[in-house]
Amino acid sequence: MCGRFVSARKRLELLEEFGVTRDRVTDEPAPDYNVAPTKKIYAVTGGQDGERELRTVKWGLVPFWAKDAKIGARMINARAETVAEKPAFRRPFAKRRCLLPADGYYEWKDKKPFYIIRTDGGILAMAGIYELWRDPAVPEDHELAFLWTAAVITTQATDDVGQIHDRMPMIVESDLWGDWLDPENTEISQLHAAMVPAQSKGTMTSYPVSTDVNFVRNNGPELIRPLPTGGEFLEG
């Protein structure tokens, strides 16, 4: 699974990186080195006109038919193997796909946290889906009438150097961002082809970090500092 990640890049960096033409961010999040479920995160979405938008969404997808938004806390990940079939995910997978920017993400092996990043320092465009949930407690024209939420798509890990976790995020390479975001693209095989496991191309590095990341209240660049143990780097 993907349960924690880092989002430290600034809004202006993301606008340029993803070729965003519509900036919908009204509440810019501070750099976050310990992004946890239910937090606000950045999402890049696409429209029928091909334009890309940057906005913030809540991590944890709330299906449009949900009675209570609290269900989102349990829906932070969607399995690539079943995302097109599960009732909660099939509609957003068909029409509401997004990119969830991350500097890197954390996984645990034997209760020890590892930080996983691209070796070139580039951004991870995690494959995601988003949904809009209508809050019946407020009028339809209220600014909070619709809750935007998202989930990270994950797959079986393919780390053949040293298995850290049995699941990992799917990544969309930059040359396929347009196909992935296009709501008119409904060909399941093409959509699956646009996603690759985060470590499948040998471009990732993993290293152990402090257990301080285990606690959501801890936040800061010190969380991604390599432990001074030496020799425990894993390359995918």
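The values are calculated or read from the model by the stated rules, or taken from the named source; none is laboratory data. These numbers were taken from a predicted model, which means no experiment stands behind them. Cβ: placed from backbone, ideal geometry, glycine included. Neighbour counts: every protein chain shown.
A few notes on this one:
- Test: Ala94 is small (Gly, Ala, Ser), crowded, with 22+ Cβ neighbours inside 10 Å and out of contact with any helix residue (DSSP H, G or I) (no Cβ under 6 Å at 6 or more places or on another chain): no
- Unmet criterion (only one of (1) within 24 Å of Val196 (Cβ to Cβ); (2) at pLDDT 95 or above; (3) not hydroxyl-bearing (Ser, Thr, Tyr)) for Gly50: (2)
- Scan of the stretch 55-71 for residues that are in a loop (DSSP other than H, G, I, E, B) and either in contact with a Leu (Cβ under 7 Å, 6 or more places away or on another chain) or of a type outside the set (Asp, Glu) (or both), ordered by number: Gly60, Leu61, Val62, Pro63, Phe64, Trp65, Ala66, Lys67
- The residues of the stretch 80-137 that are acidic (Asp, Glu) and in contact (Cβ under 8 Å) with a residue 60 or more places away in the chain, listed by number, are Glu81, Asp103, Glu107, Asp120, Glu131, Asp135.
- Residues (farther than 24 Å from Lys10 by Cα, out of contact with any Ser or Thr (no Cβ under 8 Å at 6 or more places or on another chain) and not hydroxyl-bearing (Ser, Thr, Tyr)) located in the stretch 76-94: Val83, Ala84, Glu85, Lys86, Pro87, Ala88, Arg90, Arg91, Pro92, Phe93
- Any chance Thr154 is at pLDDT below 95 and assigned to a strand (DSSP E or B): yes
- Candidates Arg11, Arg74, Arg22, Arg96, filtered to the one that is among the charged types (D, E, K, R) and over 23 Å from Leu176 (Cα atoms): Arg74
- Filtering the stretch 72-87 to residues that are surrounded by 15 or more Cβ atoms within 10 Å (Cβ to Cβ), of a type outside the set (D, E, K, R) and either more than 17 Å from the chain's Cα centre (by Cα) or part of a strand (DSSP E or B) (or both) leaves Asn77, Ala78.
- When the stretch 165-191 is limited to residues that are free of Cβ contacts under 8 Å to residues at least 24 places away in the same chain and either β-branched (Val, Ile, Thr) or part of a helix (DSSP H, G or I) (or both), the one that is farthest from Gly47 (Cα to Cα) turns out to be Ser189.
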